[in-house]
Amino acid sequence: MKRRHFIKNASLTGVGLAVGSTLVGCAEKTSEEKKATAATSSTHSKATLPLVIATWHVIDATAKAMEVLQAGGNALDAVEQGCMVEEANEKGQSVGKGGLPDRDGNVTLDACIMDKHGNCGSVVYLQSITHAVSVARKVMEDTPHVMLAGEGAKQFAVSKGFEPEDLLTEASKDAWEKWKVEAKYKPIINIENHDTIGMLAIDKNGDISGACTTSGLAYKMGGRVGDSPIIGSGLFVDNEIGACVATGLGEEVVKTVGSFLVVELMRQGKSPQEACEEAISRIVNKPNSNYKDFQVGYIAVNKKGETGSYSIHQWFSMTKFQNGVNEQIQSDYFNKA
Ligand code: SD4
């Protein structure tokens, strides 16, 4: 289902839906936008802990993460278990089992995780293992390394008890067969179809962790790795300052080291919302930027529990669970033309 349908359906299913705040330094706000900004500022500024935010519409995942936090679990356990919900969801065709394959029909996963101490682990081009985020955590905790790739990552996972399985579901195989009719051998850039799950949590002790997991761009070239498993690009956590996670066209995030940039902007005093907006502006304001052809979205949280989200194009959203409310918040975006 396309993201715009999720967003429309959200209000019908009792899931809260708010609208993101507006870019500093962007076009003059309309009165409608000013109202939306006011509504969202309060959504973004309640700083009660614990809290969980995630990219896109993933209320089951944020609910799981909050369950972990409410039971006294830490933020690291929360983001891992939250992401696992989407990895196991075969209907989500962008993460874990059921993820759309590369152009050769192989489902290859990228994931990373980062804790309050700045420890991190990552897997790239992982095949046949559903819970890539958990393998990334094992890399972090059980090896002297940060990143394992491909067959080595898979062998490591198997050595840790992960069961290999076929990740290509019938639905994803059918979609790939249809794609093959034209088989355009370049990344398909559909601005509504970037569904990486990035999750950030602050536990009741005020400690922050984050995780990110994806099958990457559908029908990508074999061997292609995006931003999602790259610490600093797809995800960055600094427990003194805050955290950020990205979704969208990974190449553009990598070129601007997006998540690290957002955290550094927060360190310099920007709010999470302002930092996300500035990081998007670095992409769209590049000379010859072809931003109209791709989507990038960021979500961020600071140490105070304030949150922000922003994207290039419409229909990016953040799911936030705080103060007993698990809601989808539609992000504000740059390209209003
Ligand atoms: C990537 N950032 O591999 C990911 C794409 C994405 O849902 O967000 N997919 O570039």
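The values are calculated or read from the model by the stated rules, or taken from the named source; none is laboratory data. Source: prediction; values computed, not measured. Please note: Cβ atoms are built from the backbone with ideal geometry, for glycine as well, and neighbour counts cover all protein chains shown. Each accessible area value is taken on the protein alone, full model and side chains, heavy atoms only, with ligands, DNA and RNA left out. Shrake-Rupley method; radii C 1.70, N 1.55, O 1.52, S 1.80 Å.
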Roughly how many nanometres apart are two label points built 7 Å out from the Cα toward the Cβ at LYS173 and GLU240?
5.3
State the percentage of accessible surface on segment 50-333 attributable to carbon and sulfur atoms; use a 1.4 Å probe and exclude ligands, DNA and RNA.
48
Packing-wise, with mean Cβ within 10 Å as the measure, how do 308-314, 296-302 rank, highest first?
296-302, 308-314
Between VAL146 and MET221, what is 0.36 nm times their sequence separation minus the Cα-Cα distance? Round to one decimal in nm.
24.6 nm
Per-residue ³J(HN,Hα) for segment 114-126, Karplus 6.51 cos²θ - 1.76 cosθ + 1.60, θ = phi - 60°, Hz, x for Gly and Pro:
8, 10, 5, 8, x, 5, 8, x, 7, 10, 10, 6, 7
Spin-label model distance (nm) - VAL181 vs ASP293, 7 Å beyond Cα toward Cβ
2.4
Just the accessible area per residue of segment 50-333, please: how many Å² with a 1.4 Å probe?
36
Can you flag which of LYS138/LYS204; LYS270/LYS303; LYS154/LYS178; LYS91/LYS160 are past 19 Å Cα-Cα?
LYS138/LYS204; LYS154/LYS178; LYS91/LYS160
How would you classify segment 50-333 from its alpha-carbon gyration tensor, with a ≥ b ≥ c the square roots of the eigenvalues: rounded for a/c under 1.5, else prolate if a/b is greater than b/c, otherwise oblate?
oblate
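Using 1/(1 + (r/R0)^6) with R0 = 41 angstrom and r between the beta carbons of ASN335 and SER159, what's the FRET efficiency to the nearest 0.05?
Plugging the Cβ-Cβ distance into 1/(1 + (r/R0)^6) gives 0.35.
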